[in-house]
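Peer 1: Could you have a look at this structure, given as structure tokens, before my questions?
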Amino acid sequence: MSVFRNEDNGTWYAMVRYDDWTGKRKQKMKRGFRTKREALAWEREFLLEKQADLDMTFESFYERYKADVIPKIKHNTWLTKQHIIETKILPYFKGRKISEITPADIIAWQNKMRVQPDRYGKPHSKTYLKTIHNQLSAIFNHAYRYYGLKVNPARRAGNMGSEETGEMLFWTKEEYLKFSDAMMDKDLSFYAFELLYWTGIRVGELLALTPSDFDLENRKLHITKSYQRLEGKDIITTPKTKKSNRTIILPQFLADEIGDYISSFYSIEPDTRLFPVTKNFLYHEMKRGCKETGVKKIRVHDLRHSHVSLLIHMGYSALAIGARVGHEAENITYRYAHLFPTVQTEMAEDLNVERSNNYVGEKPGQKR
């Protein structure tokens, strides 16, 4: 037995020896248990976790899941997963053995999630419910794929919620130009919105930009990183997806504008952020511009939609647009299909012409 009583204060502690993943013998100690039973329970769970035994509790397997997943994903992605798991999932399943959780248990949990209010006292959106379920399913799927769980009960239970496609707002060129006039009183704001509208880059990509990202002589902008404000710190990460690493050719007027902006700094290093602000700053600046000009309110991210809609209006293909904004062509087609209003009509007309030009013989019912 490796559980002992601390005679000084009457608490219990556990000391466990185990082999790590390299085969090296190690020792783990945890103090402060009120009872011998609590110390023994911790010892058992610790050893089950190290052995990846599915008789362990959901909470213990979550620790194993964290150790496996965190090195593979971005820190901001993990923080999102962690918040959902620890507030919406762990409180309901932490004490249950992961091997004994059934689809019926998942359904009961889903029903609680459906009626649980958000922080504003309203029901969770269908999109958020689906996101919560996906996180639970990912944990069970990890146990299934790597640790021998026989079935993923979350998949058996079926998803809850659904992905909702909200209204996609965007500005026309005329609306943007009206808005941009109101931004001319602040250089940083004006040039930030110029880049967002005329290149379609993401806000995080904009906020990570440095002088070294521009080749203004050749009108090139290299997107290789993204900015995040995480846990009170400024973090520079890789872009959202592999497709996001790209080179954008700037229109001449925009290259000239950015050249003027960089030149306005008394002294700036190649790796200094050109826009050392936050997304919240841009949100308030957009709100100010809309109020001053009367242009309809949209989100900062909707400037990306505005750029895509402008390129569609100019006649560019989904493939070309996707390469510019860092999306797969299929995503452009799916997300912006409603902005291609004439495509189906043009297809039908072309097919009609094709049929007429190649028709041989008589039409049904036509007399000889």
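The values are calculated or read from the model by the stated rules, or taken from the named source; none is laboratory data. The shown structure was predicted, so the numbers you read here are calculated from the model rather than taken from an experiment. Reconstructed Cβ throughout: ideal geometry from the backbone, glycine too, with neighbour counts over all protein chains shown.
Peer 1: In the list I107, I98, I85, I139, which residue meets the criterion of being of a type in the set (A, V, I, L, M) and at pLDDT below 90?
Peer 2: Going through I107, I98, I85, I139 in turn, just one is of a type in the set (A, V, I, L, M) and at pLDDT below 90: I98.
Peer 1: Tell me whether segment 324-336 contains one or more residues that are in a helix (DSSP H, G or I), outside the structural domain of E194 (by TED's automatic domain parsing) and modelled with pLDDT under 65.
Peer 2: no
Peer 1: If you scan segment 307-318, which residues turn out to be modelled with pLDDT under 90 and either assigned to a helix (DSSP H, G or I) or aromatic (F, W, Y) (or both)?
Peer 2: Scanning segment 307-318 gives V308, S309, L310, L311, I312, H313, Y316, A318.
Peer 1: Restricting the search to segment 124-160, which residues are surrounded by fewer than 16 Cβ atoms within 10 Å (Cβ to Cβ), touching an Asp or Glu at 6+ places or on another chain (Cβ under 8 Å) and part of a helix (DSSP H, G or I)?
Peer 2: Result: K126, T127, Y146.
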